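Enquirer: Mind having a look at this structure? Questions to follow.
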Amino acid sequence: MTTTTQGRQVRVNFRTDEETKKEASAVFDILGIDMSTALNMFLKQTIRDQSLPFTPSIEPTRDVEARRQAAARQGRMYTSVEELRAHYGD
């Protein structure tokens, strides 16, 4: 990744695991940007906001995945609370 300081490009190196890089690259490809552009966007947004451009949380992965599935209208759908309770034995 390269950043600009008063017109001069500098190299910034960091480490990540292979799977993270692969999955992130796939998302960036869909967005039409490369890894360097994405990381520069992250850095510039951090500077602009003077904070991380996302809210860190300790939310369980299963909850994050459930919300993602609900937003994408994936997973099991219920037509009523009674149907939901019957499925889970409440």
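The values are calculated or read from the model by the stated rules, or taken from the named source; none is laboratory data. Computed from a prediction, not measured in an experiment: that's the story for all the values here. With ideal geometry, Cβ positions are generated from the backbone for all residues, glycine too; neighbour counts draw on all protein chains shown.
Enquirer: Looking at the range 43-59, I want the residues that are within 21 Å of Val12 (Cα to Cα) and have a partner that is among the polar types (S, T, N, Q) with Cβ atoms under 7 Å, at least 6 apart or on another chain. Which pairs are those?
Expert: Leu43/Thr3; Leu52/Thr46; Pro53/Gln45; Pro53/Thr46
Enquirer: Please enumerate the residues belonging to the range 50-74 that are surrounded by 10 or more Cβ atoms within 10 Å (Cβ to Cβ) and assigned to a helix (DSSP H, G or I).
Expert: If the condition is that a residue be surrounded by 10 or more Cβ atoms within 10 Å (Cβ to Cβ) and assigned to a helix (DSSP H, G or I), then Asp63, Val64, Glu65, Ala66, Arg67, Arg68, Gln69, Ala70 are the ones that fit.
Enquirer: Take Ile33 and tell me if it is assigned to a loop (DSSP other than H, G, I, E, B), over 30 Å from Val10 (Cβ atoms) and among the hydrophobic types (A, V, I, L, M, F, W, C).
Expert: No; evaluated as a whole, the condition is false for this residue.
Enquirer: Still on this structure, I have one more. All but one of (1) over 25 Å from Leu31 (Cα atoms); (2) under 28 Å from the mean Cα position of the chain (by Cα); (3) surrounded by 11 or more Cβ atoms within 10 Å (Cβ to Cβ) hold for Arg85; which doesn't?
Expert: (2)
Enquirer: How do the pairs read when you match residues in the range 76-90 that are of a type in the set (A, V, I, L, M, F, W, C) with residues anywhere that are surrounded by 10 or more Cβ atoms within 10 Å (Cβ to Cβ) and at pLDDT 80 or above, using Cβ under 8 Å and keeping only pairs 6 or more apart or on different chains?
Expert: Cβ pairs passing all conditions: Leu84/Tyr78.
Enquirer: Out of (1) exposed (fewer than 11 other Cβ atoms within 10 Å of the Cβ); (2) at pLDDT below 95; (3) among the small types (Gly, Ala, Ser), the odd one out for Gly32 is which?
Expert: All conditions pass for Gly32, except number (2).
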